[in-house]
Amino acid sequence: DKSYQLPGGLNLVDVAYPDGEKVSSGQVNIRFYEKGYSDRAILHIDDGEDKISLQIEPFLSRVKYYDSYIEF
């Protein structure tokens, strides 16, 4: 189990999944597989002033960055 702690000043608002589920508290699992793919999800992050979205796509090696709160 490898977890990641966000740097100070950043708060995870929620994690959204394509099926409409959103998790805003507790532990959130996003799997990254050995063959180079992952679960699809959007992480919504608040830095105290702005909200950003990081979109993880299963077969893309880069995370998409949006300087707003986006949905699937």
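The values are calculated or read from the model by the stated rules, or taken from the named source; none is laboratory data. Everything quoted here is computed from the prediction, not taken from an experiment. Neighbour counts run over all protein chains shown; Cβ positions are idealised from the backbone, glycine included. Only protein heavy atoms, including side chains, enter the accessible area calculation; ligands, DNA and RNA are left aside. Shrake-Rupley method; radii C 1.70, N 1.55, O 1.52, S 1.80 Å.
Annotation: per residue accessible area for the chain equals 78 Å², rounded to a whole number [probe 1.4 Å, protein chains only]. Taking every C-alpha pair closer than 8 Å and separated by at least 6 residues, the mean separation divided by the residue count of the chain gives a relative contact order of 27 percent.
Charge tally around residue 18: other residues with Cβ under 13 Å, Lys/Arg +1 each, Asp/Glu -1 each, net -3. Remark on the chain: Rg and Dmax equal 12.2, 37 Å (Cα only).
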